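So the structure is just underneath, and the comments pick up after that.
The values are calculated or read from the model by the stated rules, or taken from the named source; none is laboratory data. Please read all numbers here as calculations on a predicted model, not as lab measurements. No Cβ is skipped: glycine too gets one built from the backbone with ideal geometry, and neighbour counts run over all protein chains shown. SASA here: full protein model, heavy atoms, side chains in, ligands and nucleic acids out. Shrake-Rupley method; radii C 1.70, N 1.55, O 1.52, S 1.80 Å.
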Amino acid sequence: MRLFNNWINGDCLKELKKMEAESVDLVITSPPYHNLRVYSNDPSDLSNCESYEEYYYLLGLVIAECERVLKSGGKFVMQFEDYNYTIGRDNRRGKESLVGEINKMFTDNGFVLWSEICWEKYTPQRAMISDGSLWYRNLKVRDAIIAANFGYVYVYKKSTTGEMEKESGSDITLEEWASYASGVWKIPNTSVGGANHMTPYPYELCKRLIKLYSVPGDVVLDPFAGSGTTNRAAIENGRNAIGIELNEKFYNAAQEIFDKWDGSVFECDDNHDKMIDRFKEQLAIGELNKEKGKAEKEEQKQMRNRKKELRAEIKLLEEQLNVLGMKKSEIKKLKEEVKEEVIE
Ligand SMILES: C[S@@+](CC[C@H](N)C(=O)[O-])C[C@H]1O[C@@H](n2cnc3c(N)ncnc32)[C@H](O)[C@@H]1O
């Protein structure tokens, strides 16, 4: 199968309208915020809205369009965070919560909240570098502020009933599942590729979501594609990619990276059936590990029992030596000599 990397420069609202309904398997994105960082003064840039109302209205329209192009049962993964107001930018302190607004937009548009992940991006020490109010000496009486060193990853499913897929299978290994299954992901906030963007999300975060919520050969869409992290992770993991980015500078920087790709990255001999075979192999490894674990436990149990028996035998021997007239101190010395001999 030959994968496609559809990299589009434009307003996602307009571009999504050109796409066929139910043509995408997974949407992953991290949206712009209404007043945190302005990417451009383009009127269709969501980071450049006049008001909260305008921003949420437009974001709602993007979610509705993504719902239209997403297949039934497909996931829409939204990475975002609540953020601290600052006196400098907002003239007040406190927090802006996006969770409630965003959740309502999804549920109003036929999605069910499927999973939540808390992404720990960096240490509180690093957060302190940019926010002096986190320093111990600046702690305010009864008014401590906690480091905003994490973001949310909300996974929505296009379904109103929340019905589960019947087929068992996954593209992740047993080892990966051990860390992916946790509701807290510790992933440093760094991105590969360095496509000249100020807020890319990490490749690893994107890769995990792609492996969890799609299969090889699926179509993955990012309507706010920035530096193209989603496209890179999709193609490099055997999925087709569609990314829409408004800002020409970001678009071109990512295009330069795609242009350097060896054409062979698009040749993919993986598919759903092969993924199921890999899953079965992982299940067999799991069974083997379970058996090994059981055997090890049994061995440890036998060792403990043997130690108990030996202690009882030594005690009996000591009692017999004592009856034969050997003093306790002599028995102790004898035991130490035997111990030394064993060690030698
Ligand atoms: C948070 S960034 C996404 C970063 C991306 N996840 C990455 O790893 O590079 C949001 C992006 O949305 C873009 N954007 C804003 N309004 C847009 C619109 N109407 N259509 C498409 N992209 C838009 C911005 O230019 C910005 O690059």
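Please report, ordered by residue number, the strands (runs of 3 or more DSSP E) entirely within the stretch 176-258 with at least 1 residues that are within 8 Å of the ligand (Cβ to nearest atom).
Per the criteria, 219-222, 240-245.
With respect to the stated conditions, residue 217 fails to be surrounded by fewer than 21 Cβ atoms within 10 Å (Cβ to Cβ), more than 23 Å from residue 266 (Cβ to Cβ) and in the same structural domain as residue 103 (by TED's automatic domain parsing). Does residue 15 qualify as being over 30 Å from residue 163 (Cα atoms), assigned by TED's automatic domain parsing to the domain that holds residue 153 and away from the ligand (no atom under 16 Å from the Cβ)? Judged against the criteria, residue 15 is not a match.
For the stretch 26-53, the set of residues classified as surrounded by fewer than 21 Cβ atoms within 10 Å (Cβ to Cβ) and more than 12 Å from the ligand (Cβ to nearest atom) consists of 35, 50, 51, 52, 53, listed by residue number.
Would you be able to tell me the number of residues in the stretch 280-300 that are open to solvent by less than 90 Å² (accessible area, probe 1.4 Å), aliphatic (A, V, I, L, M) and under 22 Å from residue 172 (Cα atoms)? Walk me through how you get there before you give the answer.
Our first condition is that a residue be open to solvent by less than 90 Å² (accessible area, probe 1.4 Å); within the stretch 280-300, this holds for 282, 284-286, 289, 293, 295, 298.
If we keep only those that are aliphatic (A, V, I, L, M) too, we end up with 284-285, 295.
Imposing the further condition that a residue be under 22 Å from residue 172 (Cα atoms) reduces the set to 284-285.
Qualifying residue count for the region: 2.
For residue 154, are the conditions met, namely being within 16 Å of the ligand (Cβ to nearest atom), under 29 Å from residue 276 (Cβ atoms) and open to solvent by 10 Å² or more (accessible area, probe 1.4 Å)?
So residue 154 passes the test.
Looking at the structure I just gave you, is residue 116 in the same structural domain as residue 28 (by TED's automatic domain parsing), buried (at least 16 other Cβ atoms within 10 Å of the Cβ) and either over 25 Å from residue 27 (Cα atoms) or not aliphatic (A, V, I, L, M) (or both)? So that I can check it myself, show each step before the final result.
Working: in the same structural domain as residue 28 (by TED's automatic domain parsing): yes; buried (at least 16 other Cβ atoms within 10 Å of the Cβ): no; either over 25 Å from residue 27 (Cα atoms) or not aliphatic (A, V, I, L, M) (or both): yes.
No.
Within the stretch 140-162, the set of residues being part of a loop (DSSP other than H, G, I, E, B) and touching a residue at least 60 places away in the same chain (Cβ under 8 Å) comprises 145, 148, 159.
Considering only the stretch 75-96, I want to know if a residue exists there that is touching a helix residue (DSSP H, G or I) at 6+ places or on another chain (Cβ under 6 Å) and basic (Lys, Arg). Yes; the residues of the stretch 75-96 include at least one that is touching a helix residue (DSSP H, G or I) at 6+ places or on another chain (Cβ under 6 Å) and basic (Lys, Arg). If we scan the stretch 171-181, do we find a residue that is out of contact with any Lys or Arg (no Cβ under 7 Å at 6 or more places or on another chain), among the polar types (S, T, N, Q) and at pLDDT 95 or above? Yes, the conditions are met somewhere in the stretch 171-181. In this structure, does residue 81 turn out to be closer than 22 Å to residue 250 by Cβ, charged (D, E, K, R), within 13 Å of the ligand (Cβ to nearest atom) and at pLDDT 95 or above? The answer is no for residue 81.
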